[in-house]
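Below you'll find the structure, written out as structure tokens, and then a few comments.
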Number of protein chains: 2
Amino acid sequence: MKMNPRCTYCMLSRVHFESKLSTDDEDLICKTIHECLAVMNKYYDPEAVSASVATKIHRKCYEVLEDDDPYAVTKKLISQAALKVLPAAKEKIYENSPDDGELFRRAVLASVIANYFDFGIMGFDASEDKFEAAFLKLFEHGLDVDDTPKMMGLFKDVIYIADNCGEILFDMIVFDVIKKLGGNITLVVRGGPILTDVTMEEVKEFEIDKKVDRVITTGSNAIGILIEEAPAELLDAMKDATLIISKGMANYETLSEHNFGPIAYMLLTKCECVAEDLGLEQGLSVAKLMNFP
Amino acid sequence: MKMNPRCTYCMLSRVHFESKLSTDDEDLICKTIHECLAVMNKYYDPEAVSASVATKIHRKCYEVLEDDDPYAVTKKLISQAALKVLPAAKEKIYENSPDDGELFRRAVLASVIANYFDFGIMGFDASEDKFEAAFLKLFEHGLDVDDTPKMMGLFKDVIYIADNCGEILFDMIVFDVIKKLGGNITLVVRGGPILTDVTMEEVKEFEIDKKVDRVITTGSNAIGILIEEAPAELLDAMKDATLIISKGMANYETLSEHNFGPIAYMLLTKCECVAEDLGLEQGLSVAKLMNFP
């Protein structure tokens, strides 16, 4: 996905947000904004890939803040909030013993809704317990774009590219379903801390590796999948996959520039630009299969 | 008022907003954003005055768009929307024949509420007729900061610095009250089109000059009052005034850097940064007298 003019101020607003998470030093916050403005000014281009510019911006931000993970505490809070909602989600997913297709659809729906666990964009307040009510309402509504039936025969070699903390605990229900249906799963997490994205740290903390066949990383803390920083084992796995599941917006922003497939984009269209790029409205729950004959 | 990190992305978002008002040409919009980013990168400084940087940014925006008034149509719509609400406002102000102090307070309150007529910040939709309901609710609530009683003896030579179109039609009720109380009014409007601010064009269109003793301009299309671009007659008038009434946020952002007084800032704290600078909460109706012994 190419950069929209809107991305300029959205990214700067996120830089400000994460600077405040990292420090109370107003001078350092101003310096961070200024240096990120310079990076934006240098790399802004309507032909640039949005998440690629975002990677440069956020790396500069972390560098100036001298903080390799401004979201460290936030990620813990998100995981705690997600854990609270998980039992209700599981109950809804397994309610009345659904058939395989319906079970997969519900698990996917829950993991798409969990894409809301993103403090930077939503200003989500874990302490208010609003998420359970929002979750149940969105679950009732269902998927707005539902290509899950087309995915049912494609589980032989699944590459599952994770997005945020919190969300990953719901992804684990999808792993259970795919494994139950005889599939193989290679989970891909970020190679280093960036935003609220899942890294090997959370894989260990929640023993996620026990739910899948293999865990590999994107090779760096790039936002989404930056092909030039991706290890060969990831690129090979994506080429050989029977199905790539790409969670969230940043993975879409980067992978939509390439032709890997079949690829299922599972996300909430939280951002107007991503929604437009997909030809969809903002605020939808999406499981869209692409590059599939 | 000094620039806050927040101002960077807020200004860029407004540049995008006004670019879309001016053109459908996506390439031109991207070029405009890019050139404004460069200006922001050059002038961003925690010690810079926010409205002064905003002036540079918006002038660059208008220059790249080759449009000296992107808000031309919007301003007409705002005036139409304001005219619709005006009769209800007048009825509330004059209801039950208030005494002079109460009459002035109510007129000021109405003109402060009318500071909402600002499409760029509020995304206000004139077609939805939501403003009358909002107006009546805010009128019922009253002023959150009310220094109007202290202003009652200061009407001999009033300098009234206008802000937005639409709002000016409510300011005219304040003019009526000040004139009724024997005051003299010099109205100050922008020297050229900028955002949705009042210029001599609206003064002529609505015969505003008939309500006041004199109309002068800020000497340029600067946002707020940029002293270095202000004509001598404006500076002299401000020095000699018994009361300066400064409407809206941009006039506050610039004049709060100087010591003119007595000065009454009449505004809604629509922006978090202006609210903080005034030591107030966001979303308040304010008539605050400063630099008064």
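Flag: B:Ala72 does not match the condition of being within 14 Å of chain A (Cβ to nearest Cβ) and surrounded by fewer than 16 Cβ atoms within 10 Å (Cβ to Cβ). Which of the residues spanning region A:17-32 are within 9 Å of chain B (Cβ to nearest Cβ) and open to solvent by less than 10 Å² (accessible area, probe 1.4 Å)? Correct list: A:Ser19, A:Ile29, A:Thr32. Taking region B:80-111 as the range and being polar (S, T, N, Q) and open to solvent by 70 Å² or more (accessible area, probe 1.4 Å) as the test, the residues that pass are B:Gln80, B:Asn96, B:Ser97. Residue-level check: of (1) in contact (Cβ under 8 Å) with a residue 12 or more places away in the chain; (2) within 23 Å of the chain's Cα centre (by Cα), A:Lys20 misses just (1). Taken together, A:Gly166, A:Gly182, A:Gly224 contain a single residue that is at pLDDT 95 or above, under 14 Å from the mean Cα position of the chain (by Cα) and at positive phi, which is A:Gly224.
Within this structure, B:Asp24 passes the test of being out of contact with any Leu (no Cβ under 7 Å at 6 or more places or on another chain) and at pLDDT 95 or above. The set of residues in region A:37-49 being more than 9 Å from every other protein chain (Cβ to nearest Cβ), open to solvent by less than 30 Å² (accessible area, probe 1.4 Å) and assigned to a helix (DSSP H, G or I) consists of A:Val39 alone. Looking at region A:133-188, which of its residues are of a type in the set (D, E, K, R) and assigned to a loop (DSSP other than H, G, I, E, B)? Of everything in region A:133-188, those that are of a type in the set (D, E, K, R) and assigned to a loop (DSSP other than H, G, I, E, B) turn out to be A:Asp144, A:Asp147, A:Lys156, A:Asp157, A:Asp163. Every listed requirement among (1) within 29 Å of A:Gly279 (Cα to Cα); (2) of a type in the set (S, T, N, Q); (3) away from chain B (no Cβ under 13 Å) is met by A:Ser79 save one, (1). If you filter region B:1-16 down to residues that are more than 8 Å from every other protein chain (Cβ to nearest Cβ) and part of a helix (DSSP H, G or I), you find that the one that is nearest to B:Thr269 (Cα to Cα) is B:Cys7. If you filter region B:242-284 down to residues that are crowded, with 18+ Cβ neighbours inside 10 Å and without any contact (Cβ under 8 Å) to a residue 24 or more places away in the chain, you find that the one that is nearest to the chain's Cα centre (by Cα) is B:Thr269. Criterion applied to A:Leu169, A:Leu235 was being without any contact (Cβ under 8 Å) to a residue 12 or more places away in the chain, in the same structural domain as A:Ser79 (by TED's automatic domain parsing) and among the hydrophobic types (A, V, I, L, M, F, W, C), and the one residue passing it is A:Leu235.
The values are calculated or read from the model by the stated rules, or taken from the named source; none is laboratory data. This one's a predicted model, so the numbers in the text were calculated from it and none came from an experiment. Cβ coordinates were reconstructed from backbone atoms using ideal geometry, including for glycine residues, and neighbour counts include every protein chain displayed. Please note that ligands, DNA and RNA were not included when accessible areas were found on the heavy atoms of the full protein model with its side chains. Shrake-Rupley method; radii C 1.70, N 1.55, O 1.52, S 1.80 Å.
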